[in-house]
Structure formats: C-alpha cells, structure tokens
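Have a look at the structure below, then the notes.
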Amino acid sequence: MAGEIKTASGKVVKMNTRAGAVLPDIDMYRDRLWTEAEKSIQALGRREITPDDYIDRIRDLHKSIDLVAELRPFIDKALAEKTDQVLNQMTTPAKSWTMQLLYLEPHEVHPPHCHHNLISTQVVLHGNVYAREWDRVARLGPDTLLLRTRTDRWFGIGDRFETTEVSKNAHWFCADDKPAVMLNFYILGFQDWTFDPPGTRGRRMLDPTFGVQGDGMIVAKELTLEEGYLRFGDLPIDKVPLPRRNVA
Ligand SMILES: [Fe+2]
C-alpha cells in the first residue's frame, strides 16, 4: 500500500503498489498449498523447470485442492477485516515471493499496469472480478507499449490470472458492487529475459485507451502511479470501452 489519492470524481481510493519495498518475511501458513508451491519455486530457482512448467505445476496444484475450502478462514478474515491477508512472504537479495489474499472492496479498481520479472497466479476466491489482460508485444517509444488483448470478461470463483514476463504481463481488474477476495501468489526475479532492462521498477501503470492500430493492437501509454489512479481509480472497467480498430 502506498497511500490514498483523490480521483477526478472526488472519490478517495487506496493505491496498491509494492514500489520496491523490502517487506518482512512471513511464514504463517504451512499447509500443502504452500509447501508444494515452495518445492516448485525451488525447482524453478535451480533451473530444473521453466517458467511455463512452473505455471503448469501451480495450476495442477490448485486444481488438486478445494482452494475456497482450504483458505476459508483467511477469506473470512479478509472480508471481516476488509484487508489483505499475507500468508507467506520471503525476500532474498535477488528474488522474492509472496502468497496472500487480496481484499477488493466493492467497486475497487486495480488500474491497468504491467510488471517486471514477475510470475504470478491469481485466483478469484469470493465475489466477481472484471479482468482485462494483455501481452506486451513491443516497446514503441520511451513511454508507449504495444499490447495484445488476451482477456476482457468477468471472472467468477475459480477463474485464474496467470502472468509471466512474456504472457499476459499487463492487466486491469476491479470488483463489482460487492467485495471480492483473490489468491495472489507471485514470485519476482526468476526469469532470464525481461522486456525492459534489469533494474526496471516493478509495477508500472498504463493507459490502454491511448490508441489503437489498424490491426486492433492496443497502443498504451505508460503513466505514473498517481496518474494511473487519477485516470482509472474509480471507473468500472466494463464502462470503459477499449479502442477497437483504427480504420482511418
Ligand atoms: Fe498486477
């Protein structure tokens, strides 16, 4: 959490970003959902599996467990306290990983953004979430990116985001008029090739309504954290049409 900001409509919203902070190590959840995931993190770290293998293993693990039943106490705590619940977190000089539940208040928006050297799985555990996901295809300029739309729909319980450096790296999501809870499990620093140079700041905001090419590929403008929240922080995603095709 990096504080709050007043959007153009006057609504005050919270801003979510890790912003390079070193977070405290937490090891409070030790059941199979974590211990098996940790084995896959270690295998990825030893280069025994690829990032795609890792994503497959985490998906198989999640499908072998009733996630909502397994995480029920933490889902209920997130809803009662209206806050995220960090289950496991570790930071080393080059890498880090976090397994947590994200609490989204009614209408909460995570404005469009992309990530640097992140592999992440998010699963809806409670409520409904509107999701837009994109591949980053190319950097067009110092602050413009070319995006390919991969997802543009409502997610219900069990629906998943799977994010790597090269697949569905950019996303935008929001809750409907009720609270939502998502499993948010991400690891940083495990990929050799990155879209931007090493040392790039992690979560960067985007405006995917900036432009579109004739073939329908989105031209997105990079924004500061504050610009992203001012522009999109209280707009329901499904009320913001994406530019479709520039036929001029
Ligand atoms: Fe994200």
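A compact table of results
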item: D215 exposed (fewer than 14 other Cβ atoms within 10 Å of the Cβ) and under 30 Å from D66 (Cβ atoms); result: no
item: Unique match (being within 16 Å of the ligand (Cβ to nearest atom), out of contact with any Ser or Thr (no Cβ under 7 Å at 6 or more places or on another chain) and not charged (D, E, K, R)) among L147, L140, L118; result: L147
item: Failed condition for D152, given (1) within 15 Å of the ligand (Cβ to nearest atom); (2) in contact (Cβ under 8 Å) with a residue 24 or more places away in the chain; (3) of a type outside the set (S, T, Y); result: (1)
item: Number of the exception - K6 against (1) loosely packed, with under 15 Cβ neighbours inside 10 Å; (2) among the basic types (K, R); (3) within 30 Å of L235 (Cβ to Cβ); (4) under 22 Å from the mean Cα position of the chain (by Cα); result: (4)
item: Qualifying residue in segment 160-173 (condition: in a loop (DSSP other than H, G, I, E, B) and touching a helix residue (DSSP H, G or I) at 6+ places or on another chain (Cβ under 6 Å)); result: yes
item: Any hit, segment 84-98, residues being out of contact with any Cys (no Cβ under 6 Å at 6 or more places or on another chain), part of a helix (DSSP H, G or I), closer than 25 Å to R30 by Cβ and not small (G, A, S); result: no
item: Residue, modelled with the lowest pLDDT, within segment 30-69, restricted to residues that are in a loop (DSSP other than H, G, I, E, B) and either charged (D, E, K, R) or crowded, with 18+ Cβ neighbours inside 10 Å (or both); result: R30
item: Options D76, D135, D56: the member that is closer than 30 Å to P197 by Cα and either more than 16 Å from the ligand (Cβ to nearest atom) or of a type in the set (S, T, Y) (or both); result: D56
item: Members of segment 179-205 found to be assigned to a loop (DSSP other than H, G, I, E, B), away from the ligand (no atom under 14 Å from the Cβ) and not charged (D, E, K, R), listed by number; result: P179, G189, F190, Q191, W193, T194, F195, P197, P198, G199, T200
item: Qualifying positions in segment 121-131 - assigned to a strand (DSSP E or B) and away from the ligand (no atom under 12 Å from the Cβ); result: V123, V124, L125, H126, V129, Y130
item: Output for segment 174-197, where each listed residue is within 15 Å of P111 (Cα to Cα) and crowded, with 21+ Cβ neighbours inside 10 Å; result: C174, A175
item: Matching option when the condition is buried (at least 17 other Cβ atoms within 10 Å of the Cβ) and of a type in the set (S, T, Y), among T151, T224, T163, T200; result: T163
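Residue-by-condition table, conditions (1) over 17 Å from the mean Cα position of the chain (by Cα); (2) free of Cβ contacts under 8 Å to residues at least 60 places away in the same chain:
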residue	(1), (2)
D53	yes, yes
H62	yes, no
I65	yes, yes
L79	yes, no
Q89	no, no
W97	no, no
L104	no, no
P112	no, no
H116	no, no
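The values are calculated or read from the model by the stated rules, or taken from the named source; none is laboratory data. Quantities reported herein were computed from a predicted structural model and do not represent experimental measurements. Ideal geometry is used to build each Cβ from the backbone, glycine not excepted, and the neighbour counts take in all protein chains shown.
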